[in-house]
1. In the range 72-109, what residues are part of a loop (DSSP other than H, G, I, E, B) and more than 22 Å from residue 33 (Cα to Cα)?
2. Just one of 69, 129 is within 19 Å of residue 38 (Cα to Cα), surrounded by 18 or more Cβ atoms within 10 Å (Cβ to Cβ) and at pLDDT below 95; which is it?
3. Taking the conditions exactly as written (surrounded by fewer than 16 Cβ atoms within 10 Å (Cβ to Cβ), modelled with pLDDT of 95 or more and touching a His at 6+ places or on another chain (Cβ under 9 Å)), does residue 76 satisfy them or not?
4. Scan (1) polar (S, T, N, Q); (2) out of contact with any Phe, Trp or Tyr (no Cβ under 6 Å at 6 or more places or on another chain); (3) surrounded by 12 or more Cβ atoms within 10 Å (Cβ to Cβ) for the single condition residue 45 breaks and write down its number.
5. Could you list all residues from the range 48-71 that are farther than 14 Å from residue 140 by Cβ and part of a strand (DSSP E or B)?
6. Check the range 86-94 and report whether any residue there is at pLDDT below 95 and of a type in the set (A, V, I, L, M, F, W, C).
7. Of everything in the range 99-112 that's within 14 Å of residue 130 (Cα to Cα) and in contact with a Phe, Trp or Tyr (Cβ under 8 Å, 6 or more places away or on another chain), which residue is modelled with the lowest pLDDT?
Amino acid sequence: MSLNLKESWEINAKKLEKKFKKYKKNPYYKIELEQISKTIKIKWSNQIIAESNECIILHEEAHSQVYYFPPISIKEKYFLRTDLATHCPYKGNAAYWTLSFKDTLAENAVWAYPYPYKNLIKIKDYYAFYSEGMGKNFGITIIY
């Protein structure tokens, strides 16, 4: 029996979660969410792949801010689900997508938290983008 990508991801995520089980969380570590109403667009390979005026900005200690896009705001035809999983002891298990357009790929350049921890439930299934992983074809536009 072969596994589908979601099942494969779940197995990978559980392994990572188990590995981090003994990790002691810093009780003072800060993650804050900010709902914004400005229109944010993600452009990649001359295509607008996400656009929303309902993004959430995640501010995390020692990290750059990250825009999270609601599921309805992405152009799914460019997104290919992968089985990559990563685990953050403060946010949960992340799932990944590769972007694809013609012969251009940005592997595992997009992530989301299908089951974030309770304190971050607002970003459940919202998509974020690795600008570094998307190459020079990437741009963020903010319309004030």
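1. Let us first name the residues in the range 72-109 that are part of a loop (DSSP other than H, G, I, E, B), namely 75, 89-91, 102-103.
Once the filter is applied, which keeps residues that are part of a loop (DSSP other than H, G, I, E, B) and more than 22 Å from residue 33 (Cα to Cα), the range 72-109 yields 75, 102, 103.
2. Just a single option satisfies the conditions, and that option is 129.
3. Working: surrounded by fewer than 16 Cβ atoms within 10 Å (Cβ to Cβ): yes; modelled with pLDDT of 95 or more: yes; touching a His at 6+ places or on another chain (Cβ under 9 Å): no.
In short, no.
4. (2)
5. Matches in the range 48-71: 56, 58, 59, 60.
6. yes
7. Selected residue: 106.
The values are calculated or read from the model by the stated rules, or taken from the named source; none is laboratory data. Quick caveat, the model's predicted, so the values are computed rather than measured. Glycine also receives a Cβ, built like all others from the backbone with ideal geometry; neighbour counts cover every protein chain displayed.
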